[in-house]
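Student: Here you go, one structure.
The values are calculated or read from the model by the stated rules, or taken from the named source; none is laboratory data. Since the structure is predicted, the reported quantities are computational estimates derived from the model, not experimental observations. Ideal geometry is used to build each Cβ from the backbone, glycine not excepted, and the neighbour counts take in all protein chains shown.
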Amino acid sequence: MTQQLPQWLKDLVGKNKAALRTQTALNAQHTLDCGALHTVCVEAKCPNRGECFNCGDATFMILGDTCTRNCRFCAVHKGRPGAVDAGEAQRIAQTVKDWNLRYVVLTSPTRDDLADGGAGHFAAVIRAITSLNPGVLCEPLIPDFKANPADIQTVLDAKPAVLAHNIETVEELSKQIRGGAEYRRSLKVLETSKNLAPDVLTKSGIMVGLGETESQIKTALQDLRTAGVDLLTIGQYLSPSAAHHPVERYPEPAEYQAWEAYALSIGFKGAACGPLVRSSYRAGALYRRATGRLNAK
């Protein structure tokens, strides 16, 4: 049975709702100026979307809004995706310029229907952004590409600042929660990226509240460090609907503080842990803290 949302967490989520008017205006402007664009902020029902839109931040979801897998935690539409939109890269690059963004996160639904999983399109979008917006840093949050080194290399060749891929949960729950994905394969993606491009930071994240134990969480963090992962996020799982996996518990804020301290103690260069933290939440700030590039664009 899904646990009742505690009042302190309701208050945190409520603070962000007032800013959704900004989101509506931005979506309308996208359609008017440069055609339809998708943000994971909206498609995945991120609880921070109001705050982030108010700050002028957004994570662009490329390759459409339909996923070929069926994870039990995710709100993104499942089904048969459409064709890759060749004009998407330039529209996103122009939006980055119009919004004067300095750090851009790109993610996508899993596209197992594509031979390269969408790696080439990720690379094209990164190149379009950096060509039109010199100095802008990009963080692709990629699907697993079935751990194909050539596809991972394709994205790395576009020179991202960070390559991110989420393990999402602990190993013991992965098969139940992540339809079509594998815990060890995700670790292999991250390890391969670090081996191919040691200077590119790697990043991953997990959700809590799915039924994991404290010991399992710490083991997952240790596994990530063994794979060479530099940056970590931990946030509360919030079930998108009654049809999704239920929430088993709501950890208190002090628990997130302890996980963040533990992550830093075992060698992560940066960690963001909190009830409403998501993979792309304040991604630029986490990158700057981890690298010391406090004045980086």
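Student: Give the number of residues within segment 261-283 that are assigned to a loop (DSSP other than H, G, I, E, B) and not aromatic (Phe, Trp, Tyr).
Tutor: Here the count works out to 11.
Student: May I ask you to say which residue of 180, 209 is over 17 Å from residue 105 (Cβ atoms), touching a residue at least 12 places away in the same chain (Cβ under 8 Å), surrounded by fewer than 18 Cβ atoms within 10 Å (Cβ to Cβ) and not aliphatic (A, V, I, L, M)? Quick ask: steps written out before the conclusion?
Tutor: Working: 209 fails: surrounded by fewer than 18 Cβ atoms within 10 Å (Cβ to Cβ).
From the options 180, 209, the qualifying one is 180.
Student: Using the structure shown, decide if residue 265 is of a type outside the set (A, V, I, L, M) and at pLDDT below 95.
Tutor: Numbers: of a type outside the set (A, V, I, L, M): yes; at pLDDT below 95: no.
Answer is no for this residue.
Student: Next question, about the same structure. For segment 79-119, how many residues meet the condition of being among the polar types (S, T, N, Q) and either in contact with a Ser or Thr (Cβ under 9 Å, 6 or more places away or on another chain) or assigned to a loop (DSSP other than H, G, I, E, B) (or both)?
Tutor: Step one: filter segment 79-119 for residues among the polar types (S, T, N, Q), giving 90, 94-95, 100, 107-108, 110.
Filter once more, keeping what is either in contact with a Ser or Thr (Cβ under 9 Å, 6 or more places away or on another chain) or assigned to a loop (DSSP other than H, G, I, E, B) (or both): 100, 107-108, 110.
Adding up the residues that qualify gives 4.
Student: Could you tell me which residue of segment 106-122 is nearest to residue 149 (Cα to Cα), considering only residues that are modelled with pLDDT of 95 or more and touching a strand residue (DSSP E or B) at 6+ places or on another chain (Cβ under 7 Å)?
Tutor: Among those that are modelled with pLDDT of 95 or more and touching a strand residue (DSSP E or B) at 6+ places or on another chain (Cβ under 7 Å), it is 122.
Student: For segment 213-228, does any single residue satisfy the condition of being outside any helix (DSSP H, G or I), within 22 Å of residue 148 (Cα to Cα) and in contact (Cβ under 8 Å) with a residue 12 or more places away in the chain?
Tutor: Step one: filter segment 213-228 for residues outside any helix (DSSP H, G or I), giving 213, 227-228.
Applying the additional criterion that residues be within 22 Å of residue 148 (Cα to Cα) yields 227-228.
Restricting the remaining residues to those that are in contact (Cβ under 8 Å) with a residue 12 or more places away in the chain gives 227-228.
Checked against the condition, which is being outside any helix (DSSP H, G or I), within 22 Å of residue 148 (Cα to Cα) and in contact (Cβ under 8 Å) with a residue 12 or more places away in the chain, segment 213-228 yields at least one hit.
Student: In addition: Which one is farthest from residue 195 (Cα to Cα), of the residues in segment 151-160 that are among the hydrophobic types (A, V, I, L, M, F, W, C) and crowded, with 24+ Cβ neighbours inside 10 Å? Even if it seems obvious, please write down each step before you answer.
Tutor: Here is the first cut: in segment 151-160, the residues among the hydrophobic types (A, V, I, L, M, F, W, C) are 152, 155-156, 158.
Checking the rest, the ones that are also crowded, with 24+ Cβ neighbours inside 10 Å come to 152, 155.
Working: 152: 11, 155: 14 Å.
Of everything passing the filter in segment 151-160, 155 is farthest from residue 195 (Cα to Cα).
Student: Hey, among 194, 218, which residue is over 16 Å from residue 279 (Cβ atoms) and in contact with an Asp or Glu (Cβ under 9 Å, 6 or more places away or on another chain)?
Tutor: When all the criteria are applied, what remains is 194.
Student: Tell me yes or no: at least one residue of segment 185-201 is touching a residue at least 60 places away in the same chain (Cβ under 8 Å), closer than 25 Å to residue 250 by Cβ and hydrophobic (A, V, I, L, M, F, W, C). First the steps, then the outcome.
Tutor: So the first thing to find is which residues in segment 185-201 are touching a residue at least 60 places away in the same chain (Cβ under 8 Å), and the list is 201.
Cutting the leftovers down to closer than 25 Å to residue 250 by Cβ gives us none.
Looking through segment 185-201, none of the residues is touching a residue at least 60 places away in the same chain (Cβ under 8 Å), closer than 25 Å to residue 250 by Cβ and hydrophobic (A, V, I, L, M, F, W, C).
Student: Select from segment 174-209 the residues that are under 18 Å from the mean Cα position of the chain (by Cα), among the hydrophobic types (A, V, I, L, M, F, W, C) and outside any strand (DSSP E or B) and list them in ascending order.
Tutor: Scanning segment 174-209 gives 177, 181, 187, 189, 190, 200.
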